[in-house]
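Read through the structure below, which is laid out as structure tokens, and then see the notes.
The values are calculated or read from the model by the stated rules, or taken from the named source; none is laboratory data. Just so it is clear, the structure is predicted and the values come from calculations on it, not from any experiment. Glycine also receives a Cβ, built like all others from the backbone with ideal geometry; neighbour counts cover every protein chain displayed. Heads up: the accessible areas ignore ligands, DNA and RNA and are worked out on the full protein's heavy atoms, side chains in. Shrake-Rupley method; radii C 1.70, N 1.55, O 1.52, S 1.80 Å.
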Amino acid sequence: MTRQDALALDATDPLAPLRGQFHIPEGLIYLDGNSLGVLPRATAARVQQVVEQEWGQGLIRSWNSAGWMALPARVGDKIARLVGAGAGELVVADSTSVNLFKVLAAALLIVKQDTPARRVILSERSNFPTDLYIAESLAREHGFELVLVEPDEIETRLTGQTAVLMLTHVNYRTGRMHDMAAVTRQAHAAGALTIWDLAHSAGAVPVDLTAAQADFAVGCGYKYLNGGPGAPAFVWAHPRHVGRFWQPLAGWIGHAAPFEFTPGYRPAPGIARYQCGTPAVLSLAALECGVDTVLAAEPLGGMAALRRKSLALTRLFAERVQATCPALALASPTQDAERGSQVCFNHPELGYPVVQALIARGVIGDFRAPDVLRFGFTPLYLRYVDAWDAAEHLREVLAHEEWRRPEFNQRHAVT
């Protein structure tokens, strides 16, 4: 494909108008939406409205008059449309780590009651560290064992000892995507529950939690949902599980009647009990703007259309880099069905300085230790010519050895 071919694809792209929803600095190619999404144009005005009018003028009255208390459920219902959950089944609250703690603790309680002999939490060795840390903590507290395996070993390691299979749908280091429905069937056939982390899936690839018969899911709001840095996360529990136990962080907002102010806890019905503390109103307002940018694709084909473009973008970028940058090893799957919305390459020495050199050129990706150059493709705002140009910049960085400059070898706190 030539650059002119890429421009021609952009000229006929039915999703091209969605780019106008975002503030994208001139000349920037942003390939890090899998870590922090771009700012929607609507967000600043909406947050200003909340600050100046709802907070500034309405003050405490806005919990009622502006509907602040309903935000976790309202935004949750919007996200539910993107991940195959029903209305009232998903709520926005806290962080991904905190929500994972809630659902894993609930899952372990179910196992202790239903199949107490099962004592293994199974996960991928390359799962995102916070997931593994949370699982390690709960395993120690509840007398379980955390077992880590390679992705191709999962099916054979599902045994009568497995209590919970905890996976990230799209791997953060490689972009490899599990077949959620197939893996969930395998887990259930072995008698295990499933927990899915959708941090790199929600808003990026089609997800259908209900059809997959998943048990629990969590995800974050600041990546492909464009909710802003530190945006709240979301949590979902299948209706067959949601009312069985308290979640372990039994806070006042998860009470059946928070403003009764009674000393004893009585959990709210359904997913509302998975809330804990006071909703983060400013962050929720920003997140709703971000989620709306993804829902704007519904009249244009929705997640299916976004997925088609995502695959085309990642395929274009991967093929060009492979053809022009032989020093880099492709770490992401070449098969479309196995790839999320990112492309990753490995290099044992140059990963970090090459990414820094690209950033200096206005091509923003990121680096993940020890050797991963990671590039996320958000089809809402990325163009085919962006993928083509990014690959060309990467070729030039390597060909001209720009990565050798001392400033590109100085490690920052965030990579």
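Condition (residue is in a helix (DSSP H, G or I), open to solvent by 50 Å² or more (accessible area, probe 1.4 Å), closer than 26 Å to GLY301 by Cα and in contact with a helix residue (DSSP H, G or I) (Cβ under 6 Å, 6 or more places away or on another chain)) applied to segment 9-25: is it met by at least one residue? Yes: one or more hits. In segment 301-330, what residues are among the hydrophobic types (A, V, I, L, M, F, W, C) and crowded, with 22+ Cβ neighbours inside 10 Å? MET303, LEU306, LEU313, LEU316, PHE317, ALA318, VAL321 - these are the residues of segment 301-330 that are among the hydrophobic types (A, V, I, L, M, F, W, C) and crowded, with 22+ Cβ neighbours inside 10 Å. Among the residues of segment 109-137, the ones that are within 18 Å of ALA189 (Cβ to Cβ) and of a type in the set (Asp, Glu) come to 1 in all. If only residues of segment 161-177 that are polar (S, T, N, Q) and touching a His at 6+ places or on another chain (Cβ under 8 Å) are counted, the one that is surrounded by the fewest Cβ atoms within 10 Å (Cβ to Cβ) is ASN171. Across segment 343-372, the qualifying residues are those that are more than 28 Å from VAL205 (Cβ to Cβ) and not hydrophobic (A, V, I, L, M, F, W, C), and the one among them that is most open to solvent (accessible area, probe 1.4 Å) is GLU349. Would segment 280-292 turn up any residue that is open to solvent by 50 Å² or more (accessible area, probe 1.4 Å), assigned to a helix (DSSP H, G or I), in contact with a strand residue (DSSP E or B) (Cβ under 9 Å, 6 or more places away or on another chain) and touching a residue at least 12 places away in the same chain (Cβ under 8 Å)? The answer is yes; a qualifying residue exists. If you check ALA250, ALA272, ALA305, ALA256 for being over 20 Å from ALA106 (Cβ atoms), of a type in the set (A, V, I, L, M) and in contact with a Pro (Cβ under 9 Å, 6 or more places away or on another chain), only one passes: ALA305. One residue alone among SER35, SER62 is surrounded by 17 or more Cβ atoms within 10 Å (Cβ to Cβ), assigned to a loop (DSSP other than H, G, I, E, B), at pLDDT 95 or above and touching an Asp or Glu at 6+ places or on another chain (Cβ under 8 Å), and that residue is SER35.
Residues in segment 65-88 that are open to solvent by 20 Å² or more (accessible area, probe 1.4 Å), of a type in the set (Gly, Ala, Ser), under 21 Å from PRO269 (Cβ atoms) and in a helix (DSSP H, G or I): ALA70, ALA73.
I'd like the residue in segment 259-279 that is assigned to a helix (DSSP H, G or I) and surrounded by fewer than 16 Cβ atoms within 10 Å (Cβ to Cβ) and, out of all such residues, is nearest to the chain's Cα centre (by Cα). For segment 259-279, the residue satisfying everything is GLY270.
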